[in-house]
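Below is one structure; the comments refer to it alone.
Since every read-out is calculated from the coordinates, none of them should be taken as a lab result. Quick caveat: nothing in here was measured; it's all calculated off a predicted structure. Please note: Cβ atoms are built from the backbone with ideal geometry, for glycine as well, and neighbour counts cover all protein chains shown.
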Amino acid sequence: MKTSLLALILLAASAALPARADVLLLVHGYLGGAHSWDSSGITTILQQRDWQRAGTYLADPVGVRLIPAAGTQARRKFYSADLASEAPIRIQVMQLQAILGAIEQAHPGEPLIIVGHSAGGVVARTALVLGGGQNVKSLITIASPHLGTVRAEQALDATDIPFPFSMVADFFGGETYDIAKRSSSLYLDLVRPFPGTFLYWLNAQPHPDIKYISVVRGQTGAGWGDYVVPGYSQDMNNVAALRGKASLVTIPVRHELAPADGSVILDMLAEPALAATATGGK
């Protein structure tokens, strides 16, 4: 009798506890911002499925600051990060690690899922490799250049103009040329991996034992990928340290974020491996 009574008390107590929440962090890509997830329609799709906007984290030279939204106490909530997208990977990683620390302080013990688009996926993966995000349970990357892209190399070549011709390029090049010059360190981080490059180092490092999901543009086979990043580079299974460890989803859309990405994110969040985080599973 006492055992049955104790069981009833424990059951009632557990029912009174709030369900463990999930936190989603959206990390934009090169030349994007927190607004990228809004303009693509993805945040609208998330909100239609009861994910609530909790706020936007802005990175600046003195740290990060939060622009809060109404959903900070929701069971399923998402934040958007706004990073210095033209900066080298290491700068963006420092900003993202500060954001991860702030989120984990605000929501201690709550499982965190990161979604990174394009270069933002590489930034997020680097932050995790370097020890950021202790509560992160999954990384979803969308069209990310995990094995680099020839486009970065082409951009470096286009801005590598010797003096005095560089003065002419500075004068006539326009805004696009100026952006490319400012982004040269980032391009160098995203060249295809060979000894001495950033991605060669990153892809050989031990990675956290979490769930990895690659959202790849195009269809498997000929033409796989998009005009910015080839398909093999978008697939984390081709990263030496993650070989065979990532789930793969393909979408026949362009490199930019699209509403279809919102549907895929929701599908991935509904998978048992991720849905289990809401009850404390890994």
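The table for this structure:
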quantity	calculated
Partner aspartates and glutamates for K77 [C-alpha distance under 19 Å; skip if fewer than 8 residues away on the same chain]	D22, D38, D50, E104, E110, D261, D267, E271
Counted charge near A69, where neighbours are those whose Cβ lies closer than 10 Å (Asp, Glu -1; Lys, Arg +1)	+2
Region 36-119 - percent relative contact order, Cα under 8 Å, separation 6 or more	22 percent
Ranked packing of 152-158, 188-194, most packed first, by mean Cβ within 10 Å	188-194, 152-158
Euclidean distance between Cα centres, region 175-248 to region 79-158, Å	12 Å
Restricting region 27-110 to trypsin sites (Lys or Arg not before Pro) in coil, as DSSP defines it, with at most 16 other Cβ within 10 Å	R49, R75
Nearby aspartates and glutamates by direct alpha-carbon distance to K181 (threshold 17 angstrom, same-chain neighbours under 8 apart not counted)	E86, E153, D157, D160, D170, D189
Spacing of the two label points (7 Å from each Cα toward its C-beta) at D178 and V249, in nm	3.9 nm
Sorted by Cβ neighbour density within 10 Å, fewest at the top, the residues T56, T176	T176, T56
